[in-house]
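Here's the structure, in structure tokens; my notes come after.
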Amino acid sequence: MNPKSLTQRIAALNFAFWLVSGVSWCAEPVAITDTSHSRHALLRPVGVDEVVWTDGFWKARTDVCANQTLPSMWELMRDSRYKPFLEHFLIAAGDQEGDYHGAAWNDGDFYKWIEAACYAIADNPNTDLSAAVDQAAAAIVAAQRDDGYIHTPVLIRQRNGDQTAQPFADRHDFEVYNMGHLMTAGCVRYRATGKRDLLDAARKAADFLVEAFADPTPQMARQAVCPSHYMGLIELYRTTGEQRYLEAAQHVIDLRNLAAGLDGGGDDNQDRIPFLKQREAVGHAVRANYLYAGAADLYLETGDEQLVEPLEAVWQNVSSKKLYINGGCGALYDGASPDASRAQDQITRTHQAYGRNYQLPNITAHNETCASIGALLWNWRRLLATGEGRHADWIELALYNSILSGISLDGTKYLYVNPLRVVESDPTQLRWSRQRKPFIVSFCCPPNVARTVAQSSGYAYSHSPGALWVHLYGNNHLKTTVDGEPLEVEQTTEYPWDGEITFRFKQSPKGKVALKLRQPGWAKKCTVMLNDEPIEAESKNGYLTLDRVWKVGDEIRLSLPMPIVTLESHPLVEETRNQLAIKRGPIVYCLESADLPEGVAMDEVGLTTNLDLRPIHKPDLLGGVTILEGELPVREAGEWNSLYRVANERDSRKVHCRLVPYYTWGNRKPAEMTVWMPRM
């Protein structure tokens with residue numbers, strides 16, 4: 001069947017469904033991914049404005065985001081102290097004079113900041129932040145060409161008389177990536193505020209892409225570097241009801257399959273072979289994860305089963321062979337792929353990339369923050385399609401570890417890479433800092449982590465007919481609807497430091513509602529109490545189900561044991577063979593040299609499987625964390641004067657140490673750090 005005709009039929013069925021059900025396209029909740037009318041989504045969104053973090057972990061992080069991260073990032077983008085983010089749009093509009101100075105994707109960084117700010121405004125209206133977003137949106141609208149094209153590097157060159165500056169001259173110029181983020185930001189601004197300016201700009205940009213891709217040259221067919229426009233076009237379709245945007249998303253993904261293998265294609269951009277034939281994660285990890293998220297998004301609208309096989313195969317490949325213990329992905333600064341292949345003519349350079357199976361270095365781990373966020377976007381869309389807890393487990397792992405590590409506790413400094421070991425003398429020169437900085441030349445990660453934190457409440461719940469699903473735990477107040485009837489629930493907990501979670505019904509539908517509580521993969525045993533009485537809950541696909549008519553005042557208590565767990569890696573992960581790591585609940589722990597006694601070097605400290613570590617909550621340390629404290633074995637390392645030496649037995653002793661959550665490392669002073677330690 002012709003993919004375009006298939007898409008048209010699906011869109012027509014969707015519109016018929018909306019007409020029959022009387023649903024308006026003006027979605028009320030400020031949803032992250034609005035699957036309200038997605039016929040192949042099992043789960044429907046709960047808006048960030050329907051869930052309020054009330055205390056504890058996520059309340060603290062979102063407050064820092066709203067009060068520190070977003071205002072400081074706006075000042076950075078407005079005053080051009082590092083790069084002229086806002087100024088680029090003013091120059092492109094002719095309101096100022098100047099040249100383009102920045103990375104090709106800086107427009108997208110600006111759009112991500114707007115998206116983050118709109119989520120924060122939806123959660124808690126802020127006059128100053130609203131005014132900043134209005135100013136940013138006005139600059140974008142003014143800079144956009146009448147035909148919808150917007151990419152300030154090209155627009156500025158054209159305004160300055162460069163006749164060679166043309167749209168889509170270089171697929172590595174990130175035009176479609178930037179426009180994709182504009183589409184998403186336009187949808188979120190409209191949902192959060194009702195203002196259409198950025199949504200209209202997003203539609204004009206999308207219409208330009210529809211025309212540009214209608215009869216593409218081979219060069220144009222391969223315009224898909226870091227394809228955020230897949231998600232952008234689909235979200236624009238959901239927001240406007242314009243089926244041409246769904247058709248465009250289907251078309252550009254089909255083009256990717258048709259154009260795979262053309263000259264210049266390779267694994268770095270996942271276009272050596274068609275997506276439908278891919279079974280392993282390869283190449284640039286951010287580009288890969290955005291591709292998988294976009295394909296997962298398309299499935300939610302079309303139900304095209306062809307997409308499921310590569311999505312599932314790649315998910316299994318990453319989760320079992322290429323995922324770090326902290327949820328990080330994209331192990332390599334640089335590499336080659338398909339590495340060691342007999343088809344040597346197909347091997348190309350990769351960067352910031354997935355490596356071979358089990359290739360997970362620690363000191364030189366790349367683990368870009370955006371790659372972890374891309375994996376979250378991908379798993380969120382698969383969760384909405386399947387309702388399987390494994391996807392929520394990955395989301396939680398990344399959120400608490402490899403995403404939050406990308407931003408300082410004060411919310412104003414950032415990491416581009418997230419290594420699992422930091423030493424005083426690196427074994428080789430590494431181009432990205434292992435200390436958080438207020439500005440990174442590649443500034444894609446800071447606004448990306450800001451929007452992720454700002455939208456975090458939107459990942460906590462979703463619903464399906466007759467059911468409320470709980471994906472993330474934290475103190476919050478939920479006020480939503482299930483099957484059109486109001487439902488209000490209060491959640492209280494000290495999670496992630498404690499596994500006791502209480503839900504209290506404030507308002508409930510008249511009929512039965514299935515409450516589906518995620519049982520994390522790390523929680524092998526759990527108990528559920530209803531009004532202080534034990535109750536059996538059916539467990540399926542990572543969720544515990546309590547299906548009943550709820551009364552106001554009903555109280556459910558979920559207990560998730562949080563033992564301290566010592567983990568080892570698969571023996572083919574050579575870098576961590578005969579090493580151990582520590583995890584408690586969703587939190588991965590690390591050792592920093594700042595927490596060692598004087599005279600003890602970090603590489604002398606080890607772990608055993610029978611350690612007597614004690615969890616101790618420290619409200620005044622690192623923003624309030626639970627540390628693990630106890631005696632760790634130490635064995636003197638001795639001097640290293642050559643690559644190899646004769647191995648000798650060395651006496652060991654124990655010293656008092658403490659481990660801190662991985663996401664907090666490097667927030668006190670520069671220090672060595674490690675997640676993995678020798679097994680002793």
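Between L399, L360, the distinction of being open to solvent by 10 Å² or more (accessible area, probe 1.4 Å) and more than 18 Å from Y292 (Cα to Cα) belongs to L360 only.
Pairing residues of segment 235-246 that are under 17 Å from E115 (Cα atoms) with residues that are among the aromatic types (F, W, Y) and open to solvent by less than 10 Å² (accessible area, probe 1.4 Å), at Cβ distances under 8 Å and at least 6 apart in sequence or on separate chains, gives L236/Y245. Does K551 satisfy being in a loop (DSSP other than H, G, I, E, B), in contact with a Leu (Cβ under 9 Å, 6 or more places away or on another chain) and open to solvent by 40 Å² or more (accessible area, probe 1.4 Å)? So K551 fails the test. Taking strands (runs of 3 or more DSSP E) as the structural unit, those lying wholly within segment 472-522 and holding at least 1 residues that are open to solvent by less than 30 Å² (accessible area, probe 1.4 Å) and of a type in the set (F, W, Y) correspond to 500-507. The listed residues are E87, E75, and the only one of them that is open to solvent by 20 Å² or more (accessible area, probe 1.4 Å), more than 23 Å from the chain's Cα centre (by Cα) and over 23 Å from V453 (Cβ atoms) turns out to be E87. Against the test of being open to solvent by 50 Å² or more (accessible area, probe 1.4 Å), modelled with pLDDT of 95 or more, touching an Asp or Glu at 6+ places or on another chain (Cβ under 9 Å) and of a type outside the set (S, T, N, Q), the options A66, A138 yield a single qualifying residue, A138. Restrict the check to segment 87-94 and report whether at least one residue is outside any helix (DSSP H, G or I) and more than 26 Å from S456 (Cα to Cα). Yes: segment 87-94 contains one or more residues that are outside any helix (DSSP H, G or I) and more than 26 Å from S456 (Cα to Cα). Do we find that A260 is surrounded by fewer than 24 Cβ atoms within 10 Å (Cβ to Cβ) and among the aliphatic types (A, V, I, L, M) in this structure? Yes.
When segment 363-386 is limited to residues that are touching a Pro at 6+ places or on another chain (Cβ under 8 Å) and open to solvent by 10 Å² or more (accessible area, probe 1.4 Å), the one that is farthest from A281 (Cα to Cα) turns out to be I363. Summed over segment 403-420, the residues that are of a type outside the set (D, E), out of contact with any Cys (no Cβ under 8 Å at 6 or more places or on another chain) and either part of a helix (DSSP H, G or I) or open to solvent by 10 Å² or more (accessible area, probe 1.4 Å) (or both) give a count of 7. Listed conditions (1) in contact (Cβ under 8 Å) with a residue 24 or more places away in the chain; (2) assigned to a helix (DSSP H, G or I); (3) closer than 22 Å to S372 by Cβ are all met by I325, apart from (2). For first residues located in segment 64-83 and without any contact (Cβ under 8 Å) to a residue 12 or more places away in the chain, partners that are open to solvent by less than 70 Å² (accessible area, probe 1.4 Å) and not in a loop (DSSP other than H, G, I, E, B) and lie 6+ apart or on another chain with Cβ distances below 6 Å form the pairs S80/E87.
Taken over segment 329-343, the residue count meeting the criterion of being surrounded by 14 or more Cβ atoms within 10 Å (Cβ to Cβ) and of a type in the set (G, A, S) is 5.
Any chance segment 427-434 includes a residue that's modelled with pLDDT of 95 or more and surrounded by fewer than 24 Cβ atoms within 10 Å (Cβ to Cβ)? Looking for residues that are modelled with pLDDT of 95 or more and surrounded by fewer than 24 Cβ atoms within 10 Å (Cβ to Cβ), one finds none in segment 427-434, hence no.
Checking every residue in segment 114-124 against the condition of being surrounded by fewer than 24 Cβ atoms within 10 Å (Cβ to Cβ), more than 25 Å from the chain's Cα centre (by Cα) and not basic (K, R) gives zero matches. When residues in segment 297-321 are screened for being surrounded by 21 or more Cβ atoms within 10 Å (Cβ to Cβ) and more than 16 Å from Q270 (Cα to Cα), 6 of them pass.
The values are calculated or read from the model by the stated rules, or taken from the named source; none is laboratory data. If you're wondering where the values come from, they're calculated on a predicted model, not measured in any experiment. Virtual Cβ from ideal backbone geometry, glycine too; neighbours counted across all protein chains shown. To get the accessible areas, we keep the full protein, side chains included, count just its heavy atoms, and leave off ligands, DNA and RNA. Shrake-Rupley method; radii C 1.70, N 1.55, O 1.52, S 1.80 Å.
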